[in-house]
1. Is it the case that the stretch 44-55 has a residue that's in a strand (DSSP E or B) and surrounded by 14 or more Cβ atoms within 10 Å (Cβ to Cβ)?
2. Could you tell me which of the residues Gly147, Gly181 is closer than 30 Å to Glu94 by Cβ, touching a residue at least 40 places away in the same chain (Cβ under 8 Å) and surrounded by fewer than 20 Cβ atoms within 10 Å (Cβ to Cβ)?
3. For the stretch 220-280, which helices (runs of 4 or more DSSP H) that fit wholly inside it have 3 or more residues that are within 16 Å of Leu298 (Cα to Cα)?
4. Condition check: under 18 Å from Ala304 (Cβ atoms) and either surrounded by fewer than 17 Cβ atoms within 10 Å (Cβ to Cβ) or assigned by TED's automatic domain parsing to the domain that holds Val183 (or both). Does Ser252 satisfy that?
5. How many residues are farther than 20 Å from Pro266 by Cα and in a loop (DSSP other than H, G, I, E, B) when one looks only at the stretch 283-319?
6. Taking only pairs six or more apart or across chains, which ones have beta-carbon atoms under 9 Å, a first residue in the stretch 288-300 that is exposed (fewer than 15 other Cβ atoms within 10 Å of the Cβ), and a second residue that is hydroxyl-bearing (Ser, Thr, Tyr) and not in a loop (DSSP other than H, G, I, E, B)?
7. Please go through (1) at pLDDT 70 or above; (2) outside any loop (DSSP other than H, G, I, E, B) for Arg338 and return the number of the only condition it doesn't satisfy.
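The values are calculated or read from the model by the stated rules, or taken from the named source; none is laboratory data. Everything quoted here is computed from the prediction, not taken from an experiment. Here the Cβ is made from the backbone with ideal geometry for all residues, glycine too, and neighbour counts use every protein chain on show.
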Amino acid sequence: MESPAFAQLVGKLTEALGQSMDSSRRVGEGVLLETTDGFLYGFIEDPGAVSLATGDRLLAESKGGPKRLVLFSSSRLPLAVTERLMRAGASVVEGARFSELVRGLGLGEYLGLEPRPERPGGERRLLPSARVLDELITRAKNWLDWGVPALALRFYRQANDLKPAFAPARIGIASSLLALGLVPEAEAAYREVLAGDPRSIDARLGLAAAKGVAGDTAGELEAYRAMLAEEPDRITVRAHLVAALASHHRWSELRTEVEILLRRVPEDPRLRLLRSLALEHTESAREAAAERTKARELGLTPEAERAICRELGLPSPSLPPSPATALLLSAASARAARSAEKAAAVPAKHRRRPSPPPTRTRKKARSRKAQ
């Protein structure tokens, strides 16, 4: 039996998301809501009751496929369950992220959270409708950046309902669909944008990326190069081309393109790392090592370096010791060298030999003397 507080939170959250519901039902772990656009929202009241079998059942119940399953929980779900759901493509909003969602929607009181402090009065002066639109777009972009496109899609659609044909909202809808792996729907959304604005770079980039997600690597690269042929100095397009070449391990082409981009932004540590990887895979090991060092000097952290290599399906890099560790090792080596030099300078006959351990006889003699 669900608690009144949980039922209230689910109702308010559903209302705030502006989601049209097709049906709802109570299950052992919480409440399942099916939306009119084919998503299955699961609100988990008792995370301890969620098992791997529960996760498999929810994946099977999602009529639109695993990518249309979205689970919400105020507490963390079992890690094994979360990993299995996310590997299948489902979205999980739990713990701190769930609290962020609830608080951002002005529902923090249902979780006992303090309301957000209001923005300073002079920070942004917008009309109420414009302020709501701005908040929706910002919220949607944040969730897309946080890797939860299902929620980003919901907020971009709310923004589009508030202001139809608003380009950022329409592009955001298409990008969210693509991030969910819903390629046909994403392509249709991008083409709708292009119907109104045939020169929209964002929509053209999105269509190119959709080709890549669908497995048409040649079509994706050709689309980027066609845009660069029209306008060679467009950094955004070349950045997409560089990312695509890196993800497909096209090292020779990547080396050429990333060097062109570095002429415009030479201080970008991530580009320096990509150039290092390209050099490494085109038999320029010494230059690759120097470029990797340059990337680190420009601020590339070990965590970011490992994340990029992981995204590209490459082994984690072997990192040099930290400056503090290197300094300690250097000092220890210097001390050892000085000790060795001093020992070598003393004639062998004057060197103190280590005392042998006391024998049993010496121990007895010392004992009798003491008595």
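1. Yes, there is a match, as at least one residue in the stretch 44-55 is in a strand (DSSP E or B) and surrounded by 14 or more Cβ atoms within 10 Å (Cβ to Cβ).
2. Sole residue among the options that is closer than 30 Å to Glu94 by Cβ, touching a residue at least 40 places away in the same chain (Cβ under 8 Å) and surrounded by fewer than 20 Cβ atoms within 10 Å (Cβ to Cβ): Gly181.
3. Helices (runs of 4 or more DSSP H) meeting the threshold: 251-264, 269-280.
4. Here the answer is no, as Ser252 does not meet what is asked.
5. Number of matching residues: 9.
6. Matching pairs, first to second residue: Ala289/Ser276; Ala290/Ser276; Thr293/Ser276.
7. Here Arg338 meets the rest and fails (1).
Residue by residue, here is whether (1) surrounded by fewer than 20 Cβ atoms within 10 Å (Cβ to Cβ); (2) part of a helix (DSSP H, G or I) holds:
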residue: Phe6; (1), (2): yes, yes
residue: Ser24; (1), (2): yes, no
residue: Leu58; (1), (2): no, yes
residue: Leu71; (1), (2): no, no
residue: Ser75; (1), (2): yes, no
